[in-house]
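The structure appears right after this line, and notes come after that.
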Amino acid sequence: MQARAEAGPVPYAVTHRNIRYPRLEFRTGSLLVVLPKGQDEKRILEKHRGWISKKYDFILTVLEASGNIEPESRSREEFLELTHRLIEEYSRELVCSPTRIITKKMVTKWASCSRRGCITINSDVKFLPEPLVKYVMFHEMLHLIHRKHDESFWKYINQKFDKPQELETQLCSYWFLIHKRE
């Protein structure tokens, strides 16, 4: 069951699940407060008020920016050719290779890398401009070496890409653009 309310200027929904710890999720611009059964949301909202406000302001900015961009229109074949070319290029550069590459629709991510070295690419990546496709692919390939988003991971990203934070922001804008069409 979900309840709807507002945390200051931030609208949110509450759901209770059979979980141990509460969590906050922003998905496509909406805040979802996930709570253990019987728990009230007031404490978690107050505790994380600053983070919620900052994240919500960022999302509003990204949503506005998404109105000024256009998705790429490449075919599935063109997309697969591009991703395989990038995997080969980054495999040589990083001296590692994925065990498997899967392309499928993903609900919350652009891509992922499993512990076994399988890279899964969201089929929506085909709508991204090539510099963002390169960023996503390199990011996942780097997880073959650096599992976590730790300091060494971001050091390598910063060496490879100018202004990676701007690329992350652009990815968010494209996410909202692509998913508001669905």
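When the residues of segment 127-174 are filtered to those that are of a type in the set (D, E) and within 16 Å of the chain's Cα centre (by Cα), which remaining residue is surrounded by the fewest Cβ atoms within 10 Å (Cβ to Cβ)?
So the residue we want is E166.
Identify, from the list Y56, Y135, the residue that is of a type in the set (F, W, Y) and farther than 19 Å from H179 by Cα.
Y135
Which number in (1) loosely packed, with under 14 Cβ neighbours inside 10 Å; (2) under 24 Å from F26 (Cβ atoms) marks the one condition that I178 misses?
The number of the failed condition is (1).
Can you tell me how many residues in segment 29-62 are surrounded by 17 or more Cβ atoms within 10 Å (Cβ to Cβ) and part of a helix (DSSP H, G or I)?
Going through segment 29-62 one residue at a time, the tally reaches 6.
If we only count strands (runs of 3 or more DSSP E) wholly inside segment 74-159, which ones have 2 or more residues that are touching a residue at least 24 places away in the same chain (Cβ under 8 Å)?
111-113, 118-122
Just give me the residues in segment 89-118 being modelled with pLDDT of 95 or more and within 14 Å of V133 (Cα to Cα), in sequence order.
Scanning segment 89-118 gives E89, Y90, T103, W110, A111, S112.
Go through the residues of segment 98-107 one by one and say whether even a single one is under 24 Å from F26 (Cβ atoms), surrounded by fewer than 18 Cβ atoms within 10 Å (Cβ to Cβ) and among the basic types (K, R).
Taking segment 98-107 as the starting set, the residues that turn out to be under 24 Å from F26 (Cβ atoms) are 104-107.
Checking which are surrounded by fewer than 18 Cβ atoms within 10 Å (Cβ to Cβ) leaves us with 104-107.
From what's left, among the basic types (K, R): 104-105.
Within segment 98-107, one or more residues are under 24 Å from F26 (Cβ atoms), surrounded by fewer than 18 Cβ atoms within 10 Å (Cβ to Cβ) and among the basic types (K, R).
The values are calculated or read from the model by the stated rules, or taken from the named source; none is laboratory data. If you're wondering where the values come from, they're calculated on a predicted model, not measured in any experiment. Heads up, the Cβs are rebuilt from the backbone with ideal geometry, glycines too, and the neighbour counts pull from every protein chain shown.
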